[in-house]
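The values are calculated or read from the model by the stated rules, or taken from the named source; none is laboratory data. Keep in mind that what you see is a predicted model, and the values were worked out from it rather than measured. Here the Cβ positions follow ideal geometry from the backbone for every residue, glycine too, while neighbour counts run over all protein chains shown.
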Amino acid sequence: MSLANPRLVDGTQAPPTDSTVALSAPGFEHRPTGARTGKGGRRLGATALHVALIVAGLAMVFPFVWMLLTSFKSLPQLLQDPLAFLPQPWTFDNYVEAWNAVPFGQAYVNSIYIAALVVVGTLLTASMAGYAFARIRFRGSRVLFIVFLATQMIPKQVTLIPFYILMTQLGWVDSHLALIVPGLLANPFAVFLMRQFVLSLPKELEEAAIVDGAGRWRIFWSVVLPNLKPGLAALSIIVALDVWNAFLFPLVLLNSPDLFTVPLLLSSFQGQFGSVNYGLVMAASAISTIPMLIVFVIGQRRILNSMAASGLGGR
Amino acid sequence: MPQAQPAASAPRRPRKESAWRRRDRRWGYVFVGPQLLGMSLFVVLPFAASMVLAFASWDGLGELTWVGFENFSAQLQDELLLRSIVNTLIIAFVTVPIGLGLAVVIAVALEKLKTRTLYLVLFFAPVVTSTVAVAMIWQQMFRADGVLSTAISNIFGIAPPDWLGDPKLALLAVCIVTIWSSLGLNVIIFLAGLQNISPSVIEAARIDGAGAWRLLTSIRLPLLSPIVFFSSVVAFISSLQTFDTVYVLVSNAGPDNATRTIVYHIYDLGFGKFEIGPSSAASVILLVITLVITAIQFGAQKKFVHYEDDAA
């Protein structure tokens, strides 16, 4: 299976650069689907399948719908009739109040720039290390790689307290440095994933450059990296999601509300207003989730394929 | 030219490495350097420190005193840690089999569809939503006077369940949220796995007269099993680390510590009570549990996991 170009999960084939899975494509077309065979039982089965999937899909989407509906309800309505489906009247007050109560705009700025720096940094450091482990022979590389693999088994939380103490020593507590620097310098899964992507590239690509006398850095920068684009795209999505949604480490490392990331601010918002007005809390939740959901819907094809590739790649 | 030299001296290794090779070795360290530095400083060092602190008594400022296994014996007799371990194991052993099972069924069903983009987006939406937001949304769903409780009350004719107030239900609520929020990721991975099965294998089985059901149980699911296995390892490790959901969904570890997990316990000891030694001991216990469960999984994989090479 080609990692750099896995068959895409939405049923389409990866771009024509793909060589390894392309040969298996024809078998796909004449696979009969249950619905087309025309037998009554099969058709019934297909209908049942659709009904089951629609029910499951509704179960996935309903909490989001309920969040949105609740966020547009006024407090009197929520107190009188907590089960009413539609807001009566529709009000935008919760959003205004939530936005003004805590610095959501600042939290978005924080989350975006932290994620951007960690993503760009990780792309560089992880592809460098992944390339070295895949292609360069140096003393200790095998042992080092095994250590990298093994550290993935350590739950991050096991290191929480010493990590916090270390950050205190460095003076990075209540600073974004505590999230950014370790984030982009210590990601064994990213290294592993990039090594897999490099291994799936044909060696001939580099050999020509080696014969031409190019140094390793030039080979890496101008031959390998451009060919790693699908892998880099996948990695950036995985890392961005991870950083964006991180909670425990930001929770212990950041104290000033102005420095909070979106999830952290949302959690502290709940602490302040949670018991008072849950229309307000749902408005805050919507403010923190809807932009991400929109980004996801726009980029869903790429995001889904990246997540699938990483899930298969970690094997 | 580096390539020419070894060829000339045939099988014998050249006594002196070429300059290019020697420089290349150094490049190896340069390339690995940044991650190696970061891993040493931010993962290995804190990990080692955690091992040390687990056997010590320290207030974070003064002298460090060795206490041997005292932290461990105290922790293992601590009702709160034992409860955390039991809760965490319940979450893991409920959410992983059900979550992965559902994901396999959904992936198989989705593979039959021609257009599945809408479903994929629906199933995956919770994965791109932060666990904090997920927990807050579900907190509303689980209100005693909320939609879910009222629906259950009307359908089954029982009193509306107080999900987050009842100790048993609170843990179940955590499990439901965990499954809901991680389902989409596994669906995507399994779907990609199913699509990567070589059609020639399927075709061969079909020529041998295998029907759709036989094809599924004898060919496609066994060939998917390495991916399910890998996902189960990841899912177990991550469910053993449950924190965000319980921190936000049910305040203060729930009624009667019903949803206290190991990581919540570590956090509570370390950052709530500033008991560094006991908190580190609890971390080591989490590590041991994680390693034991992973080892058991790798032991069991020989029985249940089929790799394509063996099958072919």
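The table below gives the values:
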item: Hits in region A:142-159 - residues which are over 23 Å from residue A:245 (Cα atoms) and either crowded, with 18+ Cβ neighbours inside 10 Å or not assigned by TED's automatic domain parsing to the domain that holds residue A:216 (or both); result: A:144, A:145, A:148
item: Yes/no for residue A:168 being touching a Pro at 6+ places or on another chain (Cβ under 6 Å) and without any contact (Cβ under 8 Å) to a residue 24 or more places away in the chain; result: no
item: Condition met for residue A:162 (in a helix (DSSP H, G or I), within 12 Å of chain B (Cβ to nearest Cβ) and within 19 Å of residue A:242 (Cβ to Cβ)); result: no
item: Among the residues listed as B:228, B:201, the single one being assigned by TED's automatic domain parsing to the domain that holds residue B:82, among the aliphatic types (A, V, I, L, M) and within 22 Å of the chain's Cα centre (by Cα); result: B:228
item: Filter result for residue B:54 (touching a helix residue (DSSP H, G or I) at 6+ places or on another chain (Cβ under 6 Å) and either modelled with pLDDT under 85 or buried (at least 16 other Cβ atoms within 10 Å of the Cβ) (or both)); result: yes
item: Spans of helices (runs of 4 or more DSSP H) in region A:183-295 with at least 1 residues at pLDDT below 90; result: A:188-199, A:204-211, A:229-245, A:262-273
item: Region A:185-213 - residue that is without any contact (Cβ under 8 Å) to a residue 60 or more places away in the chain and among the aliphatic types (A, V, I, L, M) and, of those, nearest to the other protein chains (Cβ to nearest Cβ); result: A:186
item: Filter pass, residue B:63 being more than 30 Å from residue A:194 (Cα to Cα) and either modelled with pLDDT of 80 or more or at the interface with chain A (Cβ under 8 Å from one of its Cβ atoms) (or both); result: no
item: Any hit, region A:124-139, residues being touching an Asp or Glu at 6+ places or on another chain (Cβ under 8 Å) and of a type in the set (Val, Ile, Thr); result: yes
item: Filter result for residue A:84 (more than 14 Å from residue A:286 (Cβ to Cβ), aliphatic (A, V, I, L, M), more than 10 Å from every other protein chain (Cβ to nearest Cβ) and not in a helix (DSSP H, G or I)); result: yes
item: Out of B:216, B:185, B:164, sole residue that is over 22 Å from residue B:235 (Cα atoms), crowded, with 19+ Cβ neighbours inside 10 Å and either outside the structural domain of residue B:307 (by TED's automatic domain parsing) or touching a residue at least 24 places away in the same chain (Cβ under 8 Å) (or both); result: B:164
item: Among residues of region B:113-138, those that are assigned to a helix (DSSP H, G or I) and either closer than 30 Å to residue A:271 by Cα or more than 7 Å from every other protein chain (Cβ to nearest Cβ) (or both), counted; result: 16
item: Failed item, numbered, when residue B:82 is tested on (1) touching a residue at least 60 places away in the same chain (Cβ under 8 Å); (2) more than 8 Å from chain A (Cβ to nearest Cβ); result: (1)
item: Test: residue B:247 is more than 9 Å from chain A (Cβ to nearest Cβ), of a type in the set (Phe, Trp, Tyr) and either under 22 Å from residue B:188 (Cβ atoms) or out of contact with any Asp or Glu (no Cβ under 8 Å at 6 or more places or on another chain) (or both); result: no
item: Residue that is farthest from residue A:176 (Cα to Cα) [pool: residues in region A:233-248 that are more than 10 Å from chain B (Cβ to nearest Cβ) and β-branched (Val, Ile, Thr)]; result: A:238
item: Unique match (being within 8 Å of another protein chain (Cβ to nearest Cβ) and either touching a residue at least 40 places away in the same chain (Cβ under 8 Å) or crowded, with 18+ Cβ neighbours inside 10 Å (or both)) among B:110, B:76, B:41; result: B:110
item: Sole exception among (1) more than 11 Å from chain B (Cβ to nearest Cβ); (2) buried (at least 22 other Cβ atoms within 10 Å of the Cβ); (3) in contact with a Leu (Cβ under 8 Å, 6 or more places away or on another chain) for residue A:230, by number; result: (3)
item: Test: residue in region A:249-260 that is within 9 Å of chain B (Cβ to nearest Cβ), of a type in the set (D, E, K, R) and surrounded by fewer than 24 Cβ atoms within 10 Å (Cβ to Cβ); result: no
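Rundown of residues vs (1) in the same structural domain as residue A:282 (by TED's automatic domain parsing); (2) surrounded by 15 or more Cβ atoms within 10 Å (Cβ to Cβ); (3) part of a helix (DSSP H, G or I), yes/no style:
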position: A:46; (1), (2), (3): no, yes, yes
position: A:51; (1), (2), (3): no, no, yes
position: A:56; (1), (2), (3): no, yes, yes
position: A:62; (1), (2), (3): no, no, yes
position: A:65; (1), (2), (3): no, no, yes
position: A:69; (1), (2), (3): no, yes, yes
position: A:73; (1), (2), (3): no, yes, no
position: A:76; (1), (2), (3): no, no, yes
position: A:79; (1), (2), (3): no, no, yes
